Every structure is written in C-alpha cells, then in structure tokens.
Amino acid sequence: MQRLVQLMKGSAGEAAAQENPDEPTPPVPLVGESEGSERWSPKRLVRTCVASLETSASFGPMMGAEAQERHFYEAPRRAFVADGSAYNWSIHRGYFGTFEPIVDFLHAVCYVFSSATAVSADETSGWSQYLVWMRACWQGRVGDVLTELDHWQERLGESPPGEAQTAEERRDPRRVVAQARSYLGNNRDRMAYPRYRREGLPTTSSLVESLVGEVNARVKSKQKHWNRPAGAESILQLRAAVLSQDDRMSRFFAERPGCPFRKRDTLCHESEDVPAQTAA
C-alpha cells in the first residue's frame, strides 16, 4: 500500500532531486496549476445513502429516486463511478444513462497487480511489471495492457474450466490472467482516465467504499447471523438512514403516524364506559 501511495503521488511526474537534502521539499505544482495557488479538491457537503439486499432491478429505482431527491440529474457534470460488476452497469443503463460511466481505478489496478505478480518470476519483477501496466491504464492505454495479457494467456494456456475451489486454484496464473483480461476488456470504454481528469470527474469511489465499511459494521461480522432476509433488509434500511446526513431518521419519527411525541387530532378515544382490553 505504501508503494502504491507513493506512486500515485508521483504519477504526474518525478520531482527533481534536491541539491541540499536538509532543505524541505517544495511542493510540485500540478499540470495546469500556477505556482502559489492552492491545490483544489472537492469537499463533501452532505452524505446520503441507500442500502438493500434486492436485485439491481429493485435497487436501481431506489438509487434513481435518491439521485433525483439530491438533484443529481441537474448537475452540469455527472459521473457514475463503480467497480466492473454487471450489477452496477445494469443500474447505470437503466437509471443513469446521462452520467459518465467510470470504472473505479483502484479496482482496475487490483486486477493489474494480481496478473503482474502471477506472470513474474519474483516479487521484484512482478512489482516492475505492475508499474508498467498500472501507468498504462492511468494514461488511458488499456489496449496495450490487454495486448500483453493476450500474449501471456497464449504462453500459459487457457484458464481451467469452472470456478476455483481452493486458494491454490485461485492463484493459478492462467486463471488470474484470464480474469484480468475479462475485467479490462469488458470495461476498457469506462477507463478513459486522462479525459476524466481533464473534465474534473472522479476516478475512484473511495468515499462510497468507506461508507460500505460503515454499513458492513452493522450487518456483517462473525457475531451476526441472518436466517430471515426480511430482518436483514430492515436493518439495512435503518443503517442507511442513520448514516445519511439529511436528518431523514428524525424526520421519519417526527412525521410517522402514531408518533408518541406529536399530538394527533385523529386519535380515536374509546368511551369511558367500555372496559379496557388487555392481553395476557
């Protein structure tokens, strides 16, 4: 992870070596950024989320309704950032067709790293190969990486049929390279990262990934077991409301029928002559 962070910081160009190592390193301005100007990055104003166990056909409308509530469809620049699973892109086609589809760069480099280490003889050569392929993807040259992966697949042989059952089978270089080829090939049209950067669009879904961890903290762990899916669905809805920063939880309890903190004119009062009904 430390190597990746260092690489991401230096991907725009290597800084010149200092003549005096005791002096602090001056900040290197980004491309198109004048010296003395502060680096700009977007700041989150408010966070809302939805969560569900439903299929994409049911979850898509939930996401669309949330996006409409937040006026996302009115934004001049719109992006739909996700990993490469078909589940996400079916939602994009159905409800976010006007949004720029972008594959999370960090998900893509995971496949690149796995395939680079799988085809290399040792860790050092694997890291060097990863840097070459990762930089190619970051520069929008996914086709070059796919060409090299095709050559490696021919050399190694086709992936074994069926799903891997053991850790050793999952590490099979033939299978690892085939998975990387499939992922990059299916998503290469969503990996135009140089253009996304020029247009000020995001290239990762890190904010969402961290939010998923907060959701999972409530519904996933060794101590949590769900034998009734309806109960887990209710917990997900509640957890999403708690994590949203638009007071939807308090508004729900304040406005729901029968709220104990709010007097209703429609309350039905039984006659005093009728004895109270109790249940044992």
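Based on alpha-carbon atoms, the Kirkwood radius and the radius of gyration of the stretch 41-157 give Rg/Rh equal to 1.09. For the stretch 41-87, the Kirkwood hydrodynamic radius from C-alpha pairs, put into Stokes-Einstein at 10 °C and a viscosity of 1.306 mPa s, yields a diffusion coefficient of 127 µm² per second. Find the percent of Cα-Cα distances in the stretch 101-215 that exceed 17 Å, and round it to a whole number. When all Cα pairs of the stretch 101-215 are counted, 58 percent exceed 17 Å. Rounded to the nearest Hz, the phi-derived 3J(HN,Hα) couplings of the stretch 235-252 under the Karplus curve 6.51 cos²θ - 1.76 cosθ + 1.60 (θ = phi - 60°) are 5, 4, 4, 5, 5, 4, 5, 5, 7, 6, 9, 10, 6, 5, 5, 5, 5, 5, where x marks glycine and proline.
Sites listed here are GluC sites (Glu not before Pro) in the stretch 130-185 whose DSSP assignment is loop and whose Cβ has at most 16 other Cβ atoms within 10 Å: Glu158, Glu163. Counting only heavy atoms of the protein chains and using a 1.4 Å probe, Thr48 has close to 20 Å² of accessible surface. Diffusion coefficient (Stokes-Einstein, Kirkwood radius over C-alpha pairs, 20 °C, 1.002 mPa s) for the stretch 82-147: 163 µm²/s, rounded to a whole number.
The values are calculated or read from the model by the stated rules, or taken from the named source; none is laboratory data. As the structure is a computational prediction, the values presented were derived from the model and not from experiment. Reconstructed Cβ throughout: ideal geometry from the backbone, glycine too, with neighbour counts over all protein chains shown. Quick note on the areas: whole protein, heavy atoms, side chains included, nothing else; ligands and nucleic acids left out. Shrake-Rupley method; radii C 1.70, N 1.55, O 1.52, S 1.80 Å.
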